[in-house]
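Here's the structure, in structure tokens; my notes come after.
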Amino acid sequence: MVNPGSSSQPPPVSAGSLSWKRCAGCGGKIADRFLLYAMDSYWHSRCLKCSCCQAQLGEIGTSCYTKSGMILCRNDYIRLFGNSGACSACGQSIPASELVMRAQGNVYHLKCFTCSTCRNRLVPGDRFHYINGSLFCEHDRPTAVINGHLNSLQTNPLLPDQKVC
């Protein structure tokens with residue numbers, strides 16, 4: 001198991017020294033044939049689990065991700081923090097324990113998921129529009145002038161309504 005956030009390698013372990021290694025997850029002795037090394041600690045393969053989905057990380061890949069003390073599988077890390085781990089609106093880091101909002105593959109702090117016009121926060125159940133990287137509530141959706149008439153972008157099939165879930 002490789003922890004991308006750590007540059008340290010596990011110290012060499014001989015077969016005779018396995019019985020005294022302690023698992024960072026359960027605290028028990030590791031006498032198993034296989035053990036994992038992540039976050040500068042040894043783990044039973046059954047104890048190194050994703051903090052979100054509880055998947056045994058040794059069974060689903062060769063890497064794990066850590067943030068704010070949480071151990072995460074790749075899918076949950078990307079789901080929670082996006083590829084960059086930064087809010088698409090303010091650019092600040094998103095703590096591992098914080099809930100997020102997502103739109104079009106972008107990740108936002110809850111407080112940053114707001115209408116670009118009125119700055120009201122968008123909450124689950126609200127309808128919104130995502131246009132050219134900006135969020136708009138249903139009331140402030142931009143309009144476009146087509147043939148001298150104002151037409152709502154809502155009627156444009158390329159820009160459908162979205163709903164916060």
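Which of the residues belonging to the stretch 105-117 are open to solvent by 30 Å² or more (accessible area, probe 1.4 Å) and either in contact with an Asp or Glu (Cβ under 9 Å, 6 or more places away or on another chain) or closer than 23 Å to Tyr65 by Cα (or both)? Even if it seems obvious, please write down each step before you answer.
Looking only at the stretch 105-117, we keep the residues that are open to solvent by 30 Å² or more (accessible area, probe 1.4 Å), and these are 105-106, 110-111, 116-117.
Selection gives Gly105, Asn106, Leu110, Ser116, Thr117.
For the stretch 24-50, what are the residues that are under 24 Å from Ser93 (Cβ atoms), surrounded by 13 or more Cβ atoms within 10 Å (Cβ to Cβ) and at pLDDT below 90?
Ala38, Met39
Within the stretch 65-110, which residues are over 12 Å from the mean Cα position of the chain (by Cα) and more than 18 Å from Tyr37 (Cα to Cα)?
Ser68, Ser88, Ala89, Cys90, Gly91, Gln92, Ala103, Gln104, Leu110, listed by residue number.
What's the number of the only condition in (1) closer than 30 Å to Leu35 by Cα; (2) of a type outside the set (Asp, Glu); (3) open to solvent by less than 50 Å² (accessible area, probe 1.4 Å) that Thr62 fails to meet?
Condition not satisfied by Thr62: (3).
Restricting to the stretch 2-23, count the residues that are at pLDDT 85 or above and within 24 Å of the chain's Cα centre (by Cα).
Counting residues in the stretch 2-23 that are at pLDDT 85 or above and within 24 Å of the chain's Cα centre (by Cα) gives 0.
The values are calculated or read from the model by the stated rules, or taken from the named source; none is laboratory data. Because the structure is a prediction, the values reported are computed rather than measured. All Cβ positions, even for glycine, are placed from backbone atoms using ideal geometry, and neighbour counts span all protein chains on display. Remember, those area values only see protein heavy atoms, side chains included, never the ligands or the DNA or RNA. Shrake-Rupley method; radii C 1.70, N 1.55, O 1.52, S 1.80 Å.
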